[in-house]
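The values are calculated or read from the model by the stated rules, or taken from the named source; none is laboratory data. Keep in mind the model is a prediction, meaning the values are calculated, not measured. Glycine also receives a Cβ, built like all others from the backbone with ideal geometry; neighbour counts cover every protein chain displayed. For accessibility, only protein heavy atoms count, side chains too; no ligands or nucleic acids. Shrake-Rupley method; radii C 1.70, N 1.55, O 1.52, S 1.80 Å.
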Amino acid sequence: MRKVEVSSYNERWPAMFEEEVKMLYHIFGKEIISIHHIGSTSVPGLQAKPIIDIMPVIRDIHLIDSYNEAMREIGYIPKGENGIHGRRYFQKVGSQRTHHVHMFQVGSSNIKRHLAFRDYLRAHREVKKRYGELKTQLAEQYPYDIESYIEGKNDMVKKIERKALQWKHEAY
């Protein structure tokens with residue numbers, strides 16, 4: 001059973017993201033439109049599970065499965081949609097999970113949702129602080145129960161996401 005670990009922000013996370021981006025461009029080439037660092041490790045100063053979440057925006061989601069073997073060669077397990085329609089999800093394996101790749105086809109509403117959430121936390125220090133405190137508390141409360149950890153932060157995530165999407169909409 002894997003322990004739920006939440007740690008202080010690590011200044012190396014952006015570099016770890018960039019290292020992986022190079023490999024993804026090497027594999028997928030012109031299929032990629034852009035690649036974004038998402039999730040808590042993309043928000044400076046935020047406590048996070050030390051797993052880099054990467055979101056490539058790609059041209060055609062239906063072509064991605066043909067790259068599964070290439071992803072295996074660099075240490076990823078293909079997980080298909082893994083519960084989110086229109087996504088291709090990969091977990092980097094090893095002694096610890098270090099990276100997750102969430103691929104969406106250009107135009108997916110999931111792209112906007114992830115970027116709004118990240119940008120809102122980057123721009124709203126007090127919300128980021130409360131979210132980080134909740135994550136730390138839940139990791140301590142449920143050290144070997146990832147489902148309870150996720151459920152415990154679910155209401156706050158949904159609330160932040162709603163505010164973030166509204167905030168992003170008002171910015172345009």
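Just the number, please: carbon plus sulfur as a percent of the accessible area of region 45-127, 1.4 Å probe, no ligands or DNA/RNA counted. On region 45-127, the fraction of accessible area on carbon and sulfur atoms equals 47 percent.
A 1.4 Å probe run over the protein chains yields, for the chain, 56 Å² of accessible area per residue, whole-number rounding. DSSP finds beta bridges in the chain, and of those with both partners inside it, around 75 percent are antiparallel.
Over all other residues within a Cβ to Cβ distance under 15 Å of A123, the charged ones net out to +4, with Lys and Arg as +1 and Asp and Glu as -1.
Measuring against 18 Å, Cα to Cα, the residue pairs K128/K159; K22/K128; K49/K159 contain K22/K128; K49/K159 as the ones spanning a longer distance. Between I77 and M23, the contour length at 0.36 nm per residue exceeds the alpha carbon distance by 17.9 nm.
In terms of packing, defined here as the mean over residues of other Cβ atoms within 10 angstrom, the peptides 134-144, 114-124 line up highest first as 114-124, 134-144. Calculated on C-alpha atoms, the gyration radius of the chain divided by its Kirkwood radius gives an Rg/Rh of 0.95.
A straight chain from A15 to N154 at 0.36 nm per residue would run longer than the Cα-Cα distance by 47.2 nm.
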